[in-house]
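The values are calculated or read from the model by the stated rules, or taken from the named source; none is laboratory data. Just so we're clear, the structure is a prediction, and the values are computed from it rather than from any experiment. In this analysis, Cβ positions are derived from the backbone assuming ideal geometry, glycine residues included, and neighbour counts consider all displayed protein chains. We work out accessible area using only protein heavy atoms, side chains counted, and drop any ligands, DNA or RNA first. Shrake-Rupley method; radii C 1.70, N 1.55, O 1.52, S 1.80 Å.
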Amino acid sequence: MGDHTLHSRRVTAGTLLVTLGIIYGDIGTSPLYVMKSIVGAGQIDPSIVLGGLSCIFWTITLLTTLKYVTLVLNADNKGEGGTFALYALVKRLKVKWLIIPAIIGGCSLLADGMITPPISVSSAVEGLRTLYPKIPTIPIVIGILSGLFLVQQFGTKAVGRFFGPVMLVWFSMLAIFGGLWILQNPTVFKAINPVYAFELLTQRKGGFFILGAVFLCATGVEALYSDLGHCGKRNVRASWGFVKLALLLNYFGQGAFLLSPENVGRVLVESKESIANGWLLTDNPNPFFGLLPSWFSVPGIIIATLATIVASQAMITGSFTLINEAVRLNLWPKVQIRYPTEQKGQLYVPSINFILFVGCIGIVLFFKESSKMEAAYGLAIVMTMIMTTIMLAFFMRMKRYPIALIIPLTIFFLALEGSFLAANLEKFPHGGYVSLSISLLLFIVMTLWYYGKRVAHRFTESEEIGLYKDTLVRLSADETIPRYATNLVFLTNVGQWNMIESKVLYSIVKRQPKRADIYWFLHIHVVDEPYRMDYRVRVIAPNDIVRVDFYLGFRIDPRINLFFRKVVENMVERGEVDIRSKYASLKDNNLMGDFKFVLIEKYLSGDNDLSFFPRIALNGYFLLKKLSLSPEKAYGLETSSVFIEKFPLIVKPVTGLKLRRIDDAGTPPSDNSPPSDNSSPSVNLAKG
């Protein structure tokens, strides 16, 4: 039984602690910047504080608790969650356009992963200004982020065991200091009344756009769903009550702090008097640090910084997992994926780590302050939420939820998230364009790759292998042809076990007759179940032709060299094949024969007559293919016995070519020359 299954069934103190460390990093650090963003710099207005608190309470209740914790967590794919895991479920409905919300959701979540570390770490480090108002925070933030990305290549198993305790201390700190301020001003609880939210959004000029700041309190819910497989929905639901309580106590505590008699009507600027009172509101005010007494300032900043590192690590790990799934689902170019530890689900994607690192440092240098990063934050992730709602509706339909429930819930969540989107659009000229630009770039890459793969597959000709069975058996026994390999292995893209690409047959029989003792044809089926690892063997001709189909989950790395070796060992033990060398000088010594792998690669032929957009798309796809991981590394075939054969891809052949033949006299034949003999065979130099 897999680890993910155990996690989904057991709720213990240990699993709850792990859940705190893995699941809630992003949403758990939102108190660092949400109220600061809502109130902004300027005079403290009680109507904004109470209205903002009311919006936060109902956003966490309706969006986080009702939609995600109650409904979306039911859409787990064998215990795994996230945009692509949900898509793998709903694509069984054969609704082709659902690939669009899946791609948009994945791209937006990746863009969010590039913004979360800078804004979280910056918000925590800027707390040092409560003690040292002039301290330069940018070098500290860059140093922390650099160290964080540097250690990814070694895995996080060693430090991961501390994530849970750190977040337990963090949430306890949120609850305690928020609660202490609430005791001083318990009337702040009247903000639970939704009337305060309604009045702020509808009766105050520009109040609707405060939703853009309010939305920041829910930005971590998609990460919560994506990391579901590490802990299971039962642990998430069991721990959410504590997390929600700690968050609300801190938010309302910040409200009580802002509404205290000494603060109401006050302009949020730097004040020496405030330092003496144990807190400081600078020209970049953050009421979160106002909750902390002076004696706890340094420990509080350290704990906050550690919590933001945990949150950043969760987003980085989530991005690695997302790209791994995208590669398996043919939505992203093949990239190198490493496994730094034996821990299940522990991935390291060097290219994505570098892209995220450069992006994070660029965002820090561009915006400089966390308050300015808030404008870029939220706009991308609300797109992911809307896409999740769309796919969730189809999931509920697939699970036969009552239509009377599906339609109202879908309309309600789309209206709620549409309001957040409209409010966040106000951020576009102030920095929102950064996150949307990142999302758009990722969308172009995913779309080009997906479209190019589909076109290449659509124009792959295949033939029934049974028609060539006798030919291959005779070729295997033809001693007039030098032996090419004892075992010749082809990876085929054709899913039907009795079919094979014409190009593979052309490679064996025509391009250069390849004599082998056993012809192996391997195919990888990427299945909707995340961790499935099965295979099926079909012996088409005993000791001559064997077909092996691997059924691998979308979270399994296709290490074909390793998997194939296991298959062969099993078949040898069962007496199904004889892989001993057939060379006379080696046969008597009972030595294993050699294995050669041949991979068929396509390139875009110049003999295509394509219109503008298809040509741009296909050229983009093949450019990405050149930049991506080599085929042998992508399939785990890191051996010297791999050969790449290239074949042209002809999508739309050139027609109407006016080419005239000139006779020996140097003059073209007359237009009345006899027609060509239609009975003659056609010539295709790239046949296959």
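Numbers at a glance
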| read-out | value |
| --- | --- |
| Output for the range 286-308, where each listed residue is of a type in the set (Gly, Ala, Ser), buried (at least 18 other Cβ atoms within 10 Å of the Cβ) and over 16 Å from Met167 (Cβ atoms) | Gly290, Ser297 |
| Index of the failed condition, Val335 passing every other in (1) under 15 Å from the mean Cα position of the chain (by Cα); (2) modelled with pLDDT under 90; (3) within 23 Å of Val214 (Cβ to Cβ) | (3) |
| Some residue of the range 141-162 being farther than 21 Å from Val349 by Cα and modelled with pLDDT under 90 | yes |
| Filter pass, Leu440 being closer than 30 Å to Thr321 by Cα and open to solvent by less than 30 Å² (accessible area, probe 1.4 Å) | no |
| Matching residues, the range 407-418, being farther than 18 Å from Gly105 by Cα and open to solvent by 40 Å² or more (accessible area, probe 1.4 Å) | Ile407, Pro408, Ile411, Phe412 |
| Exclusive hit being among the small types (Gly, Ala, Ser), under 30 Å from Phe198 (Cα atoms) and more than 20 Å from the chain's Cα centre (by Cα), set Ala415, Ala456 | Ala415 |
| Met391 vs. criteria touching a residue at least 40 places away in the same chain (Cβ under 8 Å) and touching a Phe, Trp or Tyr at 6+ places or on another chain (Cβ under 7 Å) | yes |
| Matching residues in the range 623-655 - criterion: being surrounded by 17 or more Cβ atoms within 10 Å (Cβ to Cβ) and aromatic (Phe, Trp, Tyr) | Tyr635, Phe647 |
| Residue among Thr29, Thr15 that alone is closer than 16 Å to Lys244 by Cβ and over 21 Å from the mean Cα position of the chain (by Cα) | Thr29 |
| Out of Leu685, Leu659, sole residue that is at pLDDT 65 or above and either loosely packed, with under 13 Cβ neighbours inside 10 Å or over 22 Å from Ile524 (Cα atoms) (or both) | Leu659 |
| Filter result for the condition that a residue is part of a helix (DSSP H, G or I) and either open to solvent by 10 Å² or more (accessible area, probe 1.4 Å) or touching a Ser or Thr at 6+ places or on another chain (Cβ under 7 Å) (or both), over Ala85, Ala111 | Ala111 |
| Residue in the range 496-519 that is closer than 30 Å to Tyr348 by Cβ, over 32 Å from the mean Cα position of the chain (by Cα) and modelled with pLDDT of 90 or more present | no |
| Within the range 479-509, considering residues that are of a type in the set (A, V, I, L, M, F, W, C) and part of a strand (DSSP E or B), the one surrounded by the most Cβ atoms within 10 Å (Cβ to Cβ) | Ile500 |
| Of all residues making up the range 391-406, the number that are surrounded by 13 or more Cβ atoms within 10 Å (Cβ to Cβ) and out of contact with any helix residue (DSSP H, G or I) (no Cβ under 8 Å at 6 or more places or on another chain) | 1 |
| Pro133, sole failed condition from (1) touching a residue at least 40 places away in the same chain (Cβ under 8 Å); (2) assigned to a helix (DSSP H, G or I) | (2) |
| Matching option when the condition is assigned to a helix (DSSP H, G or I) and either surrounded by fewer than 24 Cβ atoms within 10 Å (Cβ to Cβ) or over 18 Å from the mean Cα position of the chain (by Cα) (or both), among Ser371, Ser319 | Ser371 |
| Residue within the range 427-447 that is modelled with pLDDT of 90 or more, among the aromatic types (Phe, Trp, Tyr) and assigned to a helix (DSSP H, G or I) present | yes |
| Residue that is among the small types (Gly, Ala, Ser) and at pLDDT 65 or above, where the choices are Ser640, Ser670 | Ser640 |
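Rundown of residues vs (1) in contact with a strand residue (DSSP E or B) (Cβ under 9 Å, 6 or more places away or on another chain); (2) open to solvent by 30 Å² or more (accessible area, probe 1.4 Å); (3) within 22 Å of Leu405 (Cα to Cα); (4) of a type in the set (D, E, K, R), yes/no style:
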site	(1), (2), (3), (4)
Leu63	no, no, yes, no
Lys78	yes, yes, no, yes
Val95	no, yes, yes, no
Ile140	no, yes, no, no
Phe154	yes, yes, no, no
